[in-house]
Amino acid sequence: MDWEAIGQEAVQLLSEFIKVETTNPPGNEYRATDFLGRIFEKENIPFQTFESDPGRKSIYARLNGDGSKRPLILLSHSDVVPVDREYWSVDPFGGVIKDGYIWGRGALDMKNIGIAELVAFLTLHRQKTPLKRDIILLNTADEEAGGRMGAGWMTENHPELFDGAEFLINESGKGRMENGTALYSVDITEKTPCWVRLRAAGEPGHGSRPKSNSSVNRLVRALGRVLEYTPPLKVTAAVETYFKGIAHLQKGSRRGQFQDIRAAVNDPAFLADLSLSSQYAAVLRNTVSVTMMQGSSKINIIPQIATAELDCRLLPGEEPSLFIEELRKVIDDDAIAIEPILTFGNGASPFESDFVSAVETVVSRHHKSVHVVPNILSGFTDSHFFRDLGVQCYGFSPFILPDNDLRGIHGNDERISVENMKRGPKVLFEIVEVLNR
Ligand SMILES: [Zn+2]
């Protein structure tokens, strides 16, 4: 197989895909499905497109195996977040290739993975690789706004397209080099958003005559109680898997403590030290960030209603309604309503799985020294929609990215190296090959 030519093709395709502008909002993801559809047509691969709302399109193609193993889904989203053009040194939708990089919005999130998955998929098709499992390529709309019009719509309206699927590869895993060792983290689960609005009501009036029980005063007191509150420590099964999986990378006593995190967190000094890291702190508890507040629109008016929005993130497996109940007790004020804005459940996928073994087998071929470790993502992706269908979902990236490049995600001058983009499809192709044995 001519991997040099295949890698070059991936580089060119990414450059072209970046030129397909799909900023969400509004999305216009039909442009991406048109682009991908033309490629499938040229290759004689049957595909279907689905429109959840005018212009909001997702695309689905499938290579058939002999059915002796269950399907694998290669998932990506086509939409990208907006750009602040004045801070970019290149045209964010120009598909510029220079200085060994491909530049543009989506180069890391996630047209890069979308194209790597596509090229691996095309290569399987062109090689007429005999497949034990069906390989499904799915590129969806709307991930950046929560996925309701993309992956959410697809799983709700066409769950039959994913019937029996065993594994799904999605964005957000990470690969990086540390002291000469390649470190790949595979997301096995994610924290669950539980976004709520607090709405305080009180008697309105003139700012010159204060009312102690005004909506704003009640809200501020409620937020004070929320800030004083620390959600309890919880070591779930996925959290244990996570710490165990990264234990061998720790130095000194931490190694043993991570091995048995359930016991180790009983030591207050260790727990305090651990909580200094925002990543570790986030996987041990539900969290609350107060992010939006609104009172009056005029300085001398006491408003009838004051609101605040809280970005709460729950551990996988937590029941959002129970957390909201807990919040209600903390706030302890009947004049404050708690309105859910966005929430859903989220399961965890096992780290001990054929998928993770396949990743280990393949990345070991590409590096002299390598670690594959589990991760719990503090943010969220579209994976939860498919975990709900019983699919084992993994955030895995076939790229090795320096921290400096990661800043481009949702930021300025987003870019990926040509070298990474040439290697990505090969790594994914090999993983599919190993899973196909
Ligand atoms: Zn993304």
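Fewest-first ordering of 190, 414, 41 by other beta carbons within 10 Å of each residue's beta carbon gives 41, 190, 414. Look at the dipole of the chain built from charges on Cβ: of 238, 150, 40, the Cα furthest out on the positive end belongs to 238. Straight-distance candidates among the aspartates and glutamates for linking to residue 251, with alpha-carbon spacing under 20 Å and chain neighbours fewer than 8 residues away dropped: 178, 240, 260, 267, 273.
Estimated from helices alone, the mean residue ellipticity of the chain at 222 nm is -10500 deg cm²/dmol (sum of -39500 (n - 2.57) over DSSP H runs with n ≥ 4, per residue). Ordering 384, 248, 77 from the fewest to the most neighbouring beta carbons within 10 Å gives 248, 384, 77. Here 138, 161, 327 are placed in order of increasing Cβ neighbour count within 10 Å, fewest first, which gives 161, 327, 138. Extending 7 Å from Cα along the Cβ direction at residue 292 and again at residue 208 yields two label points whose distance is 3.4 nm.
Taken about its Cα centre, the chain carries a charge dipole of roughly 660 debye when the Cβ of each Lys and Arg holds +1 and the Cβ of each Asp and Glu holds -1.
Where both bridge residues fall in the chain, DSSP classifies roughly 70% of the beta bridges as antiparallel.
If one takes the longest principal axis of the Cα atoms in the chain, at what angle in degrees, from 0 to 90 and to the nearest 10, does the Cα axis of helix 3-19 lie? Between helix and principal axis, roughly 40 degrees.
Count charges around residue 321 for me, please; just the other residues with Cβ under 15 Å from its Cβ, Lys/Arg as +1, Asp/Glu as -1.
Net charge in that neighbourhood comes out at -3.
Using the Cα gyration tensor of segment 192-343, with a ≥ b ≥ c the square roots of its eigenvalues, what is the shape: rounded (a/c below 1.5), prolate (a/b larger than b/c) or oblate (neither)? Judged from the Cα gyration tensor, segment 192-343 comes out prolate (a/c at least 1.5, a/b above b/c).
Sequentially through segment 147-163, phi angles give Karplus couplings (6.51, -1.76, 1.60; θ = phi - 60°) of x, 4, 8, x, 4, x, 5, 4, 6, 7, 8, 9, x, 4, 5, 10, 3 Hz, Gly and Pro residues having no value and appearing as x. Residue separation of residue 260 and residue 300 scaled by 0.36 nm, minus their Cα-Cα distance, works out to 8.7 nm of gained length. Placing a label point 7 Å from the Cα of residue 86 along the Cα-to-Cβ line, the residues of segment 407-433 whose backbone N sits under 19 Å from it are 411-414. Over all other residues within a Cβ to Cβ distance under 13 Å of residue 133, the charged ones net out to -1, with Lys and Arg as +1 and Asp and Glu as -1. Rounded to the nearest 10 degrees, the inclination of helix 418-435 to the longest alpha-carbon principal axis of the chain is 80 degrees.
Cysteines of the chain lacking any other cysteine Cβ under 4.7 Å from their own Cβ: 393. Determine Rg/Rh for the chain; Rg is computed over alpha-carbon atoms and Rh is the Kirkwood hydrodynamic estimate from the same atoms. My calculation of the ratio gives 1.01.
Taking Lys and Arg as +1 and Asp and Glu as -1, the other residues whose beta-carbon sits under 13 Å from that of residue 36 total -1. Report the FRET efficiency, 1/(1 + (r/R0)^6), for residue 329 and residue 389, where r is their Cβ-Cβ distance and R0 is 25 Å, rounded to 0.05. My answer for the efficiency is 0.15. Relative to the longest principal axis of the Cα atoms of the chain, helix 215-228 runs at roughly 60 degrees. Here each label is just a point 7 Å from Cα along the line to Cβ, and for residue 157 and residue 51 those points are 1.0 nm apart. Counting only lysines at least 8 places from residue 128 when in the same chain, those with an alpha carbon closer than 22 Å to its own are 42, 69, 422, 426. In this Cβ point-charge picture (+1 for Lys and Arg, -1 for Asp and Glu), segment 192-343 has a dipole of about 340 debye about its Cα centre.
Values quoted throughout were computed directly from the atomic coordinates according to the rules given, and no laboratory measurement underlies them. Remember, predicted model here, so these are calculated numbers, not experimental data. So basically every Cβ, Gly included, is an ideal-geometry build from the backbone, and we count neighbours across all protein chains shown.
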